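Notes follow the structure.
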Amino acid sequence: MEKSAQSVRKKSEPKILVVDDRADNLISIEAILEQDKYSIVKANSGKAALKILLNDHDFSLILMDVQMPELSGYETATIIYERDKLRNIPIIFITAHSYDEDFIFKGYRMGGVDYIYKPIKPELLRAKVAVFVELYSKNQQLILQEITLRAANEFLQKQIEERKKSEERIKLLNEQLIANNESLKQMNEELDQFAYMASHDLQEPLRKIQVFSDKILKNNNFDPDSEKYFGKIINSSKRMQHLINNLLDFSRHTVSSNDFKKTPLNDLVRSALTELEVEIEKSNATINYGELPVVSAVPGLMQQLFYNLFSNAIKFRKPSEDLVIDVKAERMSPVDLSKFTKYSTTKNFYKITVRDNGIGFDDKYAEDIFRVFKRLHSYHEFEGTGVGLSICKKIVEKHNGFIRAESKIDEGSTFIIGLPEINSIN
């Protein structure tokens, strides 16, 4: 344990290489410096010093005698500084002679940092060694910091290059997305136009089927079965006509920014109720609504939205209970909005709810009911084509809003509509 502690202590102490061909000088210098906790390594010649430095180069300072046989201190210093790993180790030359200035300058030119003259003054030696060891230590710290900074700079450079590449990729993806959106928009417009034209062209032959079937049925005496079959033909034709009309409604909902007006929703609700006056009386329905907001809307489409929702509630009412529809509105913050839609926005929305006490439906179909031609009931149970709620969804999306449904079987349904406030519309 004591040997291990000593090893750690030795490793953390500054190392000094002392080079002198006389053993008494080596011992003398070691004795002077040992009280300052230096780790002293001794070499008795220039060659011995070079041999040590081949494998061990973490010295803080070299004390080198100038006059040595075979290799002088200057010659040894020249060889030492030829190696990159040793070039930063300071060398103090030790000499017993007072040379002229040219000779002293030669030592500095070889890489020496100072001179100490014999006989050595202990305090002077200790002071100079302390200064140069400290300078070497600071220099090493600066080198390490430079290496760290270079590594950090390289890392940052790579990060910048990666970010530039990512930004270029994102830019390219955005351009592709814009192009795809334009293409999709054009395809949708063409599809709407095709659906409109196809539905319109189907009207004429369908009307002929209805007219001629009706004439044949009125102008001829048929047996009961034939009358029944002709009745089925006429009813099926009417149903198909209704389906085509709904398809036309769905396909023609194309709007421009000029179509939007500042519109009080109360006026649209009243207009929708007027259109449904007969159905409301037949079903003994009650529609309650308070103060509704003013929004930027295409009036005709927004009225169609309320008409379809009210008509849907009337159709799916309970036969044993009077229908009640409640229409309410409140403001929504962006935080509240996140509960109903996955898209983040800074806009403020109005939340309009249309709640009824009808037969309801299984909540797992809450998204399916907005699909075109999706029906949860057979035609014999409830008439309809399954387009009405799809039109509602399309209308709301044209107004940069959303529509959701919540329901339970036998507990009624609630339709939640989100429409942006006027001052939140770009």
Could you rank His57, His399, His97 by how accessible they are, 1.4 Å probe, largest area first? His97, His57, His399
Would you kindly derive the ³J(HN,Hα) couplings of the range 140-157 from the backbone phi angles with the Karplus curve 6.51 cos²θ - 1.76 cosθ + 1.60 (θ = phi - 60°), listing them in order in whole Hz, with x for Gly and Pro? 5, 4, 5, 5, 4, 5, 5, 5, 4, 5, 5, 5, 5, 5, 4, 4, 5, 4
Among the lysines, select those whose C-alpha is under 28 Å from the C-alpha of Lys364, and discard any that sit fewer than 8 residues away in the same chain. Lys315, Lys318, Lys328, Lys339, Lys342, Lys351, Lys374, Lys393, Lys394, Lys398, Lys408
Carbon plus sulfur, as percent of the 1.4 Å-probe accessible area of the range 300-365, comes to 46
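How high is the relative contact order of the range 3-132, given as a whole-number percent (alpha carbon pairs under 8 Å, six or more residues apart)?
22
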Could you state the accessible area per residue of the range 63-128 in Å², with a 1.4 Å probe and every protein chain left in place? 56
Over the range 81-164, the quotient of the Cα radius of gyration and 2.2 N^0.38 Å is 1.67
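The values are calculated or read from the model by the stated rules, or taken from the named source; none is laboratory data. Note that this is a predicted model, so its numbers are computed, not measured. In case anyone asks, the SASA skips ligands and DNA or RNA and just uses the protein heavy atoms, side chains included. Shrake-Rupley method; radii C 1.70, N 1.55, O 1.52, S 1.80 Å.
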